[in-house]
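First the structure, in the form of structure tokens, and then the observations on it.
The values are calculated or read from the model by the stated rules, or taken from the named source; none is laboratory data. Note that the coordinates shown come from a computational prediction; the quantities given were computed from them, not determined experimentally. For neighbour counting, all protein chains shown are included, and Cβ atoms are generated from backbone atoms with ideal geometry for every residue, glycine included. SASA here: full protein model, heavy atoms, side chains in, ligands and nucleic acids out. Shrake-Rupley method; radii C 1.70, N 1.55, O 1.52, S 1.80 Å.
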Amino acid sequence: MGLDWRARATAHRDAVRGGTRTHRMPTRDEVVTDRRWGADLRAAVFCSLALLVLIVLVDLGAGTLSTPRVGLWAALAVLLYVILHPARVTAGPGWLAVRGPLRRRHVCTNLLTSVHVSETVAARLVLCDSLGHRVEFDPRVLAENPLLLHRLDEGARAARACGLLSCGATELDRLMARLDGGSAKAVFKASGMC
């Protein structure tokens, strides 16, 4: 299904030791993951533990610390962690999966029937396929991971060619153009051309 974690770690270590990270297109069978997921996960754990420590210290300072209260504060910290836990987005040839803290959902990108982008306070990208599967995630994940964007684009083009993608094709095109434009702007800015 793709590279195992040891092969990925070795490739990453070799790329970092070489001084430059190489960004290449994934091979046909390679699984692509969200690069920022680990950092987001560490931030969620840190925030939960910081809340627990602060509440316990305040309770200890007030002299009201007891075993049931520590259990209550621990439950509150766990609840905060579940809320902050980032969804892990992975994609392979013909599929895209989103794993949350409790379950994993996936869609077949080459069987997409509907794409919806909600531009509310928390922007969400909703993908539905002809098998009845549905995933929902933050479109910024695609902006930060061009390889995931490439996998989604490949599948959406195949679905459009088969006539399956009937709802949201123009929305997807707009999203792709906006994300590609943002990536190009970042490249020009980093190179000093802008």
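Brief remarks follow.
- For G100, the requirement of being in contact with a Cys (Cβ under 7 Å, 6 or more places away or on another chain) and not charged (D, E, K, R) is not met.
- T170 being assigned to a loop (DSSP other than H, G, I, E, B) and either open to solvent by less than 50 Å² (accessible area, probe 1.4 Å) or polar (S, T, N, Q) (or both): no
- Condition check for C128 on (1) closer than 21 Å to D40 by Cβ; (2) touching a Lys or Arg at 6+ places or on another chain (Cβ under 6 Å); (3) of a type outside the set (V, I, T): one failure, at (1).
- Among the residues of this structure, L60 counts as one that is open to solvent by 60 Å² or more (accessible area, probe 1.4 Å), of a type in the set (A, V, I, L, M, F, W, C) and either at pLDDT 90 or above or closer than 20 Å to D40 by Cα (or both).
- Out of A11, A44, sole residue that is of a type in the set (G, A, S) and modelled with pLDDT of 90 or more: A44
Listed here are the residues, each with its yes/no results for (1) within 22 Å of A177 (Cα to Cα); (2) not charged (D, E, K, R).
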site	(1), (2)
R42	no, no
L54	no, yes
G61	no, yes
V82	no, yes
L102	no, yes
T109	yes, yes
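- Residue-level analysis places A161 outside the set of residues that are modelled with pLDDT under 85, among the small types (G, A, S) and part of a helix (DSSP H, G or I).
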